[in-house]
Amino acid sequence: MKANLSKINKRYIGSLVIVPIIISLILGGWVLKLILFSITTISIVEFSNALKHKNKNININKYLIIIFTIIYYIVGFKYLNILTFLTFVLLLFYTLNKNNNIVDVSLSFISIFYIVIPFSFIFLLHEKNTYLPWIIFLSAWSTDTMAYFIGKNFGKYKISKYISPNKTLEGFIGGVVSCVVVILIYGSLFKVQLNLSVISLILLSVLTGIIGQIGDLIASSIKRFTKLKDFGNLIPGHGGILDRFDSILMISIVVFIFSQIFI
């Protein structure tokens, strides 16, 4: 019993990581950029270390990716194409070192699209409408919480025994339903500010509820490949930053694309 309580207490302590996120979403500006940059940097290191754990010969150029992130946050989204192309060219030069190869380049490049750009969408959405980023986090938190609760207590049918044996169909559906309810409530409270119809909110929340859980499965697949339980141990009871933000990465992409089409 004491062990279980200790685990629960760690999860509650680990949940405090959301506090700086909430504060940065309220303040916006450079505070939000700084928090997102910090999260991005730690995530890049965790991703690199995880793959290094799988194969010591893998060398992701995390320093170049971090420099890419710094420049990207300074020059802005409109220069993303040029910046990404230049980074890719520099990564190709990286192969001239006998200790590196095209696999290292590929994984370095993947980290840009899997980690750096999705996190940056949170800031871009905040600049567009300060109420939009909350949809990302409310979707992720409500989906994760209810999927875990329903799956643990009522789950019978496994989604993927190999990738994530604890994920169930009942939990998956419960997570999506919970997401729809929470986003509809949020949308009704801030109807004027969001300017989204009920149909739009339902469509968006169904997508975020589904994609968020797929994002979680993607992260589980990477951990399964690298033979790691967690990406790190920075957050007590949760693991690393990527363990806590795996669904948020995918949801931010969905909300950003949705905002570009419908808002």
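Values in this text are rule-based calculations from the coordinates and carry no lab data. Model, not experiment: these values are computed from the prediction. Please note: Cβ atoms are built from the backbone with ideal geometry, for glycine as well, and neighbour counts cover all protein chains shown.
Within the stretch 195-263, list the trypsin sites (Lys or Arg not before Pro) lying in a DSSP loop whose Cβ has at most 14 other Cβ atoms in a 10 Å radius.
Counting only loop positions with at most 14 other Cβ atoms within 10 Å, the trypsin sites (Lys or Arg not before Pro) in the stretch 195-263 are K227, K229.
Residue farthest toward the positive end of the dipole of the chain, with Cβ of Lys/Arg at +1 and Asp/Glu at -1: which of L207, T41, L196?
T41
Taking the Cα centre of the chain as the origin, how large is its charge dipole in debye, to the nearest 20, when only Lys and Arg (+1) and Asp and Glu (-1) carry charge on their Cβ atoms?
For the chain, the charge dipole is close to 800 debye.
At what distance in nm do the modelled label points of F85 and H53 sit from each other, each positioned 7 Å from its Cα along Cα→Cβ?
Inter-label distance under the simple model: 3.8 nm.
Which of L234, L125, L92 has the fewest other C-beta atoms within 10 Å, and how do the rest follow up to the most?
Lowest to highest Cβ neighbour count: L92, L234, L125.
Please list, in order along the stretch 126-131, the HN-Hα scalar couplings obtained from phi with the Karplus expression 6.51 cos²θ - 1.76 cosθ + 1.60 (θ = phi - 60°), rounded to whole Hz, x for Gly and Pro.
5, 5, 6, 7, 4, 8
Percent relative contact order of the chain, based on C-alpha pairs within less than 8 angstrom and at least six residues apart?
Value for the chain: 22 percent.
Count charges around S259 for me, please; just the other residues with Cβ under 15 Å from its Cβ, Lys/Arg as +1, Asp/Glu as -1.
Result for the neighbourhood of S259: 0.
Cα gyration tensor of the stretch 32-105, axes a ≥ b ≥ c as square roots of the eigenvalues: rounded (a/c below 1.5), prolate (a/b > b/c) or oblate?
Cα axes put the stretch 32-105 in the oblate bin.
Using only DSSP helix segments of four residues or longer, with each worth -39500 (n - 2.57), what per-residue ellipticity at 222 nm results for the chain after dividing by its residue count and rounding to 500?
Per the formula, -25500 deg cm²/dmol.
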